[in-house]
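For reference, the structure is listed below as structure tokens.
What follows draws every value from the coordinates through simple rules; no lab data is involved. The model shown is predicted, which means the values in this text are computed figures rather than measured ones. Here the Cβ positions follow ideal geometry from the backbone for every residue, glycine too, while neighbour counts run over all protein chains shown.
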Amino acid sequence: MDLIINLHKPSGITSQQAVTRVKKMLKVRKAGHTGTLDPLATGVMLVCLGEATKVSRFFLDMDKKYRATVKLGERTDTGDAEGRVIETTDFSLVTEPGLMDAAMSFTGAIEQTPPMYSAVKVDGKALYKLARKGIEIERKSRLVMIYDIGVSGVSLPFFDLFVACSKGTYIRTLCEDIGRKLGTGAHLTALQRLSVGRFDIEDALTFEDLATRDLLPDGRSVFNIDAALSEMPEIILDEEEAGRVRHGQRIPMKYHDPVDGTRALKLKGPDRDLIGIGSLNAGMIVVERNLNLQLESVKT
């Protein structure tokens, strides 16, 4: 069962707990996810099964969309409602136009500092583990992109925030920064991931869905690896080249248009069967992942 599932993660469990539950339900040996969602958060989480776990990192660069609910006037130590309130401030002077202007000011390229309560590792140590011990360390800021941002459902101190952003964006941090700009403080009270790339929440499967439906690729909720990576360019290899790829050997890059300079490529045999993922390096195709795929004909 070498599949990618568009799962609708519920609130209250970690991403790893969600993966473990899928493994048990589907009785598979290998499973993983393509990007952590906080326990508070719900929505799209891609779960990779079997050989698909080998390609999980190729989904990490995809853009994402979120819907968040934010509360003004309070800061917490985690940046969300699961944390302890560490500051209370007056929000009575905030107006809806002022709130919208503050949010819109974060459109485009912005610098973010990862929160201490995050899975980011510094010197091999996860920040959240240090934070639980009361340790705070200096973190390097990172550049992220906010493609679109909008405010709705304003009922102060609460409002809803829509965000379309690049990988690596922390919505908790964005909410705190908006509150800081308004001079009131803020924290996240609810978060839903609406999409990862082209994988949309409208097509996401719940645990209940997994328990009651056939688990076959449909191009919407369940994908084979080839379909899930449909936007990745591909190269059709001859038999000799395919054999070398299966042994992890580099092969000369013959095809310079249109894939020259592409970061990742699907490598297919002469029968157009997906056998691996490669990258280009000095005119050579380097095998990043070898795939040993089976026909997807398993039911739940």
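If you take every DSSP beta bridge whose two residues both sit in the chain, what share of them, in percent to the nearest 5, is antiparallel?
Roughly 90 percent of the beta bridges in the chain run antiparallel, per DSSP.
Relative contact order, percent, of the chain when contacts are C-alpha pairs under 8 Å separated by at least 6 residues?
The normalised contact order for the chain reaches 22 percent.
In terms of the Cα gyration tensor, with a ≥ b ≥ c the square roots of its eigenvalues, is region 152-210 rounded because a/c is under 1.5, prolate because a/b exceeds b/c, or oblate?
Since a/c reaches 1.5 and a/b is larger than b/c, the shape of region 152-210 is classed as prolate.
For the chain, what does -39500 (n - 2.57) per DSSP helix run (n ≥ 4), summed and divided by total residues, give at 222 nm, in deg cm²/dmol to the nearest 500?
So the calculated ellipticity at 222 nm is -5000 deg cm²/dmol.
In what order do Val47, Val222 fall by count of nearby beta-carbon atoms within 10 Å, going from fewest to most?
Val222, Val47
Would you list Ile5, Ile110, Ile86 from fewest to most Cβ contacts within 10 Å?
Ile86, Ile110, Ile5
For region 276-286, take each phi angle, set θ = phi - 60°, evaluate the Karplus expression 6.51 cos²θ - 1.76 cosθ + 1.60, and give the result in whole Hz per residue in order, putting x for glycine and proline.
Coupling constants for region 276-286: x, 10, x, 9, 9, 8, 6, x, 10, 8, 9 Hz.
About the Cα centre of the chain, what is the dipole size in debye to 20, counting +1 per Lys and Arg Cβ and -1 per Asp and Glu Cβ, all else neutral?
Roughly 1120 debye for the chain.
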